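The values are calculated or read from the model by the stated rules, or taken from the named source; none is laboratory data. As the structure is a prediction and not an experimental result, all values here were calculated from the model. Note that each Cβ is placed from the backbone with ideal geometry, even for glycine, and that neighbours are counted across all protein chains shown. Just so you know, the surface numbers come from the protein's heavy atoms only, side chains and all, with ligands and any DNA or RNA stripped out. Shrake-Rupley method; radii C 1.70, N 1.55, O 1.52, S 1.80 Å.
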Amino acid sequence: MMNFKKEEFQKNLLAQLNPSEGKTKLNIDVLLAFLDSTGGRSPEPAFDENGVPLTRSLPSLATLKGSVTLGRMPILVARRMVQEILKDWQIQF
């Protein structure tokens with residue numbers, strides 16, 4: 001039950017993203033809160049244990065919001081995408 005609540009919290013958190021507005025304080029705060037709720041701010045590797053890239057598409061708020069809230073993106077991939085977005089925006093995490 002606890003894991004379900006955590007996943008719902010993470011989905012609800014990313015549902016607050018507003019992709020059309022881009023780099024805003026709200027979007028940055030949501031992305032940082034997502035990292036904190038999924039294991040902290042340590043960098044994720046670019047590749048999985050089989051050498052396959054974790055993210056196969058360009059990182060975007062719209063892809064992130066849609067895929068996670070619909071349950072189609074693993075958390076590890078979502079974390080990597082969040083980190084790539086924050087790096088593009090030159091935000092320290």
Inset, instruction - Could you please give the count of residues in segment 65-85 that are closer than 15 Å to residue 13 by Cβ, out of contact with any Pro (no Cβ under 8 Å at 6 or more places or on another chain) and not β-branched (Val, Ile, Thr)? - result: 7
Inset, instruction - Could you check how many residues of segment 26-75 are in contact (Cβ under 8 Å) with a residue 40 or more places away in the chain and assigned to a loop (DSSP other than H, G, I, E, B)? - result: 6
Inset, instruction - For segment 76-93, enumerate the residues that are open to solvent by less than 50 Å² (accessible area, probe 1.4 Å), part of a loop (DSSP other than H, G, I, E, B) and not aliphatic (A, V, I, L, M). - result: 89
Legend entry - Residues (under 11 Å from the mean Cα position of the chain (by Cα) and under 15 Å from residue 85 (Cβ atoms)) located in segment 1-26: 13, 14, 17
Inset, instruction - Please find, within segment 11-57, the residue that is most open to solvent (accessible area, probe 1.4 Å) out of those that are basic (Lys, Arg) and modelled with pLDDT of 90 or more. - result: 25
Legend entry - Boolean, residue 7 is part of a helix (DSSP H, G or I) and either open to solvent by 60 Å² or more (accessible area, probe 1.4 Å) or of a type in the set (Phe, Trp, Tyr) (or both): yes
